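The values are calculated or read from the model by the stated rules, or taken from the named source; none is laboratory data. Since the structure is predicted, the reported quantities are computational estimates derived from the model, not experimental observations. In this analysis, Cβ positions are derived from the backbone assuming ideal geometry, glycine residues included, and neighbour counts consider all displayed protein chains.
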Amino acid sequence: MTNALHARIDRSLAIVENVAAIGAGAAMLGTMVLVSIDVVMRYVFSNPLTFQLHLVQFYLLVSMLMLALPWGYRNGGAIQIQLLTSVLPDRIVNPMVRIGLIAASVYLGALAYQGYKAFIQALTRGEVVMGVIDWPVAWSWVWIPIGCGLLALRLVVDATAPQLRPIGTHE
């Protein structure tokens, strides 16, 4: 893969990750607003929002976490143990890091695939969590393949980069 092609793929993926991060931020804002309104309604007016807990717990928090994953990794939100990488020569470290990134992307791809299967199964069966509102289960699952899939793609892009970059040094 040429440097220019890799750079275009990296920039395009970064745009998608940024959009997902904005979605995660919107979910966080929605969570804070709903929980705050519920607290006021519950303790001031003795009339809580009956739907708030399910909406926040099954939809907003899941989307917030999963949509933020690839952006967080790209911006340094990952743990990297550098005990070996700081003492081994680059000719050993580079392939070792690339193999680790590919292995992690395969694992995340498998998680994305399993999440997608769970989403499709819940969607086709019309599964719901019954309560005051019958909450469709599928739409709480949809965020898992999106977030894990985007992070898997990010790891592949990083593993195939012409020059390895430390975590969190992307433009």
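Worth pointing out:
- Identity of the residue in the range 1-22, β-branched (Val, Ile, Thr) and either within 17 Å of the chain's Cα centre (by Cα) or more than 11 Å from Val157 (Cα to Cα) (or both), that ends up modelled with the lowest pLDDT: Thr2
- Applying the set (1) within 20 Å of Val157 (Cβ to Cβ); (2) among the polar types (S, T, N, Q); (3) not in a helix (DSSP H, G or I) to Ser105 leaves exactly one unmet item: (3).
- Subset of the range 131-157 (residues that are of a type in the set (D, E, K, R) and closer than 22 Å to Gln57 by Cα): Asp134
- Condition met for Ser86 (over 21 Å from Asp10 (Cα atoms) and of a type in the set (Gly, Ala, Ser)): yes
- The residue pairs whose first member lies in the range 7-25 and is under 19 Å from Thr160 (Cα atoms), whose second member is surrounded by fewer than 16 Cβ atoms within 10 Å (Cβ to Cβ) and of a type in the set (Asp, Glu), and whose beta carbons are closer than 8 Å, counting only pairs six or more residues apart or on different chains, are Ala14/Glu171.
Let's see how each residue does on (1) surrounded by 17 or more Cβ atoms within 10 Å (Cβ to Cβ); (2) of a type in the set (Lys, Arg); (3) in a loop (DSSP other than H, G, I, E, B); (4) on the phi > 0 side of the Ramachandran plot:
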{"site": "Ala7", "(1), (2), (3), (4)": "no, no, no, no"}
{"site": "Val40", "(1), (2), (3), (4)": "no, no, no, no"}
{"site": "Val62", "(1), (2), (3), (4)": "yes, no, no, no"}
{"site": "Arg91", "(1), (2), (3), (4)": "no, yes, no, no"}
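- In the range 93-140, residue nearest to Ala161 (Cα to Cα) [restricted to those that are loosely packed, with under 14 Cβ neighbours inside 10 Å and of a type in the set (D, E, K, R)]: Lys117
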